[in-house]
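> To start, I am sharing the structure in question, which I have written as structure tokens.
The values are calculated or read from the model by the stated rules, or taken from the named source; none is laboratory data. Here the structure is a predicted model, which is why all the values come from computation and not from measurement. Here the Cβ positions follow ideal geometry from the backbone for every residue, glycine too, while neighbour counts run over all protein chains shown.
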Amino acid sequence: MSEINIPKEFLQNDVGYHNGNIDSATERLIKGNTYKDLSTIWVTPTRGVLKPRVVSSWIGLMRPMNQPFIGPLFIEQDEVGIAYQKIFDMILDNPELSKFKYILSVEEDNLPPQDGLMKLYESIEKGYDCVAGLYWTKGETGQPMIYGNPDVMPRNFVPQIPKSETLQHCNGLGMGFNLWRIESFQNKLKDMPKPWFKTVQENNKQFTQDLWFYNEAAKYGYKVACDTRIRVGHLDVNSGMVW
């Protein structure tokens, strides 16, 4: 009886890459938290002008599969502190939106990397109420928006030197690419006076809306960090330079 010559490809055990590496695939899923509730509302305050380069970056942003995701919701032409207060109040006062897990704030001149949001989901699980990607103030003398070392007293917002590829605990952040736990506003900050976001320019006190919030929220045990793995570009809309 003659031997049947079966093509080699039909003899392979095609279980697939992930089934063949199921331990590492399972570890990846656990690390990325994609099996958890990642329901998210994206908010963006805007002056009404979005550059194509920004829109292109946003379109490429990876989002969690099969999870509720709303936005971006735009708040147009308000002063930035007022805009943030309006949209956070709207979400927290809404019987359906208030059940979501996270708010993602993305500002109109920020260009997050494609995997930035997925990394924020991962890093916020390290015990933080808010985490952000790393971006810098504009200009050649730009500073990293990682403000204040919690281990140094008195409490301050002196920019920290970034540590590469890590999660950096700090006193304050910008708000350009941040993931916020909604439940922290409902529980930890429930007694914090409003407005939460307030731009202050007085003789002996000056705060942008972001640092005002972090300074006040810290009194209630609010914890924040910057994920330096997430490199976010900061676009100068006039020159086109990305800082």
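> When LEU211 is evaluated against the numbered criteria (1) under 27 Å from ASP89 (Cβ atoms); (2) out of contact with any strand residue (DSSP E or B) (no Cβ under 6 Å at 6 or more places or on another chain); (3) not in a loop (DSSP other than H, G, I, E, B), which criterion, by number, is the only one it fails?
(2)
> For region 100-144, what are the residues that are part of a loop (DSSP other than H, G, I, E, B), within 17 Å of GLY172 (Cα to Cα) and hydroxyl-bearing (Ser, Thr, Tyr)?
TYR128, TYR135, THR137
> Report every pair of residues separated by at least 6 positions or lying on different chains whose Cβ atoms are under 9 Å apart, first residue within region 159-170 and in contact (Cβ under 8 Å) with a residue 12 or more places away in the chain and surrounded by 16 or more Cβ atoms within 10 Å (Cβ to Cβ), second part of a strand (DSSP E or B) and among the basic types (Lys, Arg).
LEU167/ARG229
> Select from region 77-105 the residues that are in contact with a Leu (Cβ under 9 Å, 6 or more places away or on another chain) and not hydrophobic (A, V, I, L, M, F, W, C) and list them in ascending order.
Once the filter is applied, which keeps residues that are in contact with a Leu (Cβ under 9 Å, 6 or more places away or on another chain) and not hydrophobic (A, V, I, L, M, F, W, C), region 77-105 yields SER98, LYS101, TYR102, SER105.
> Just to check your reading of the model, which residue among LEU111, LEU97, LEU104 is touching a helix residue (DSSP H, G or I) at 6+ places or on another chain (Cβ under 8 Å), farther than 23 Å from GLY233 by Cα and of a type outside the set (Val, Ile, Thr)?
After applying the criteria, what remains is LEU97.
> Kindly list the number of the only condition in (1) modelled with pLDDT of 70 or more; (2) assigned to a helix (DSSP H, G or I); (3) charged (D, E, K, R) that fails for LYS31.
That leaves (1) as the condition not met.
> Starting from region 216-243, take each residue that is closer than 21 Å to LEU179 by Cα and assigned to a loop (DSSP other than H, G, I, E, B) and list its partners that are modelled with pLDDT of 95 or more and β-branched (Val, Ile, Thr), counting only C-beta distances under 7 angstrom and pairs at least six apart or across chains.
Close Cβ pairs (under 7 Å, with a partner that is modelled with pLDDT of 95 or more and β-branched (Val, Ile, Thr)) do not exist here.
> Sticking with this structure for a sec: Counting just the residues of region 38-84 that are touching a Gly at 6+ places or on another chain (Cβ under 6 Å) and under 24 Å from GLU125 (Cα atoms), which one comes out surrounded by the most Cβ atoms within 10 Å (Cβ to Cβ)?
Only one residue fits best here, namely ILE41.
> Restricting attention to region 177-203, which residues are charged (D, E, K, R) and assigned to a loop (DSSP other than H, G, I, E, B)?
LYS188, LYS190, ASP191, LYS194, LYS198, GLU202
> A follow-up question, please. Write out, first by first residue and then by second, each pair whose Cβ atoms fall under 8 Å of each other, whose residues are 6+ apart or on separate chains, and whose first residue, in region 109-123, is of a type in the set (Asp, Glu) while the second is buried (at least 20 other Cβ atoms within 10 Å of the Cβ) and part of a helix (DSSP H, G or I).
Qualifying pairs under 8 Å: ASP109/VAL54.
> Six or more apart or on different chains, Cβ under 9 Å: which pairs go from a residue in region 186-199 that's within 12 Å of LEU92 (Cβ to Cβ) to one that's among the charged types (D, E, K, R) and assigned to a loop (DSSP other than H, G, I, E, B)? Could you list them?
That search, which allows pairs on different chains as well, returns LEU189/ASP129.
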